Amino acid sequence: MAKQIITAGTVVGEYEEKYVLDAVRNLGNPDHFKDYVYRFEAEFAKRLGVKHAFAVVNGTAALHLGLLALGVGKGDEVIIPDMTYIACANVVSYTGATPILVDIDPVSWCLNPKAVKRAITPRTKAIMPVWMYGSVPAMDELKSFGIPIIEDSCPAFGAYYKGSHAGTIGEVGAFSFQGAKVLATGEGGMLVTNSDEINERARKLADMGITKRQFWHDERGYMYEMAPILAAVGLGQLQHADEMVQKKRQIYEWYRKRLAYTEFGTNSENESPNYWMSSIVVRTPEERDKIREHLKRNGIDTRPFFYPISMFGLYEKKVGNIELGNSYSYYVGLRGINLPSRVDLEERDIEFVYEKIKECIKNR
Ligand SMILES: *Cc1c(COP(=O)(O)O)cnc(C)c1O
């Protein structure tokens, strides 16, 4: 069978192995076993132009800690997009707060500021814009409501809004290094913030609520810190991260040249996505299934978009007694396809994917 064309996944560069080996050799050294964690955090913060970066077990933990550090808890509401990864709703509910599922923008596929405005109540404690597939939320409009912002920038390493890196625009931001992301450590995450207070709160809660006194805990915490060996992988990935983001943009351009349907992205020139995933939205859910099956038969892996969370019956799309419409979340969520966007793809692979998509849609 021909080469499998894969949707996502990183490539390993020159430094990952070298750093991991060094990290393993230092594991037994009480003064140095966490060196790679500190180096990864310092270099990540420097790259993003943010004061603090705190390495954690995954992106979900970074989001959870971010909410806790903002003081979100029982009785509060947090506004999130309906079409997003389930983690966004779950972390809100872990704190005892209620996720309010709000519609997306049809172009950026990120939180729709008009819908957010209608969903704000006196209980709204935070807004969580998601940088969906690496595209850029309308950050200025979302900030204008004066409510703390926690950015789910999990997949958005290398994406910018008006020159500011994803995750650094709100009060706190979260990144994921899960294996499919641009910058990957297998599993892993990072919390970033310019606030000393949020950084300190997050670090304390991620170490079982530890105080300055050894083994003395004055609140219930979690075990969320990143393992040093994964930090070594992350530091290695950072050394060639620019090239990987560059390649994502190139892949997007290759698709864009061929597919008028590749309408993901930018509402304005202020927005610079990282094109983690090149994606299309087709006409009907049935057409999506047909295309995905045809591609699969030809060795081409794709992914469906996230289903709107409100479909699962786990969380309601309601503010008080008012039902929210969320029609764009349903339109896009049921018709979107992430196309192969792995950084090692070449233009002839993209051409092949395009040919196969064309075979499906030529008769409609
Ligand atoms: C990947 C991702 C996450 C979760 O990250 P994990 O590291 O798997 O916990 C959350 N939100 C979005 C938008 C993501 O793409």
- line: Residues of segment 249-268 being modelled with pLDDT of 95 or more and touching a Ser or Thr at 6+ places or on another chain (Cβ under 8 Å), in sequence order, are Ile251
Members of segment 315-359 found to be out of contact with any Leu (no Cβ under 8 Å at 6 or more places or on another chain), in contact (Cβ under 8 Å) with a residue 24 or more places away in the chain and more than 25 Å from Ser108 (Cβ to Cβ), listed by number: Gly320, Asp344, Glu347, Asp349, Glu351, Phe352, Glu359
message: Regarding segment 138-161, can at least one residue be identified that is within 16 Å of the ligand (Cβ to nearest atom), of a type in the set (Asp, Glu) and part of a loop (DSSP other than H, G, I, E, B)?
response: no
task: Go through the residues of segment 292-308 one by one and say whether even a single one is assigned to a loop (DSSP other than H, G, I, E, B), out of contact with any Leu (no Cβ under 9 Å at 6 or more places or on another chain) and closer than 30 Å to Asp76 by Cα.
output: yes
task: Would you tally the residues in segment 132-146 being among the hydrophobic types (A, V, I, L, M, F, W, C) and free of Cβ contacts under 8 Å to residues at least 40 places away in the same chain?
output: 3
- prompt: Which of the following residues is modelled with pLDDT under 95, under 20 Å from the mean Cα position of the chain (by Cα) and acidic (Asp, Glu): Glu323, Glu271?
  reply: Glu271
query: If you take the residues in segment 56-74 that are over 11 Å from Glu225 (Cα atoms) and touching an Asp or Glu at 6+ places or on another chain (Cβ under 7 Å), which one is nearest to the ligand (Cβ to nearest atom)?
result: Leu63
- request: Kindly indicate the residue of segment 177-192 that is outside any loop (DSSP other than H, G, I, E, B) and buried (at least 24 other Cβ atoms within 10 Å of the Cβ) and also farthest from the ligand (Cβ to nearest atom) among those meeting that condition.
  value: Val192
message: If I ask for residues that are in a helix (DSSP H, G or I) and either closer than 17 Å to Asn270 by Cα or within 12 Å of the ligand (Cβ to nearest atom) (or both), which ones from segment 117-137 would you list?
response: Met132, Tyr133, Gly134
query: Got a sec? Which strands (runs of 3 or more DSSP E) wholly within segment 1-116 have at least 2 residues that are surrounded by fewer than 20 Cβ atoms within 10 Å (Cβ to Cβ)?
result: none
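The values are calculated or read from the model by the stated rules, or taken from the named source; none is laboratory data. Just so it is clear, the model here is predicted, and its values are computed rather than measured. FYI the Cβ positions are ideal-geometry reconstructions off the backbone, even for glycines, and counts take in every protein chain you see.
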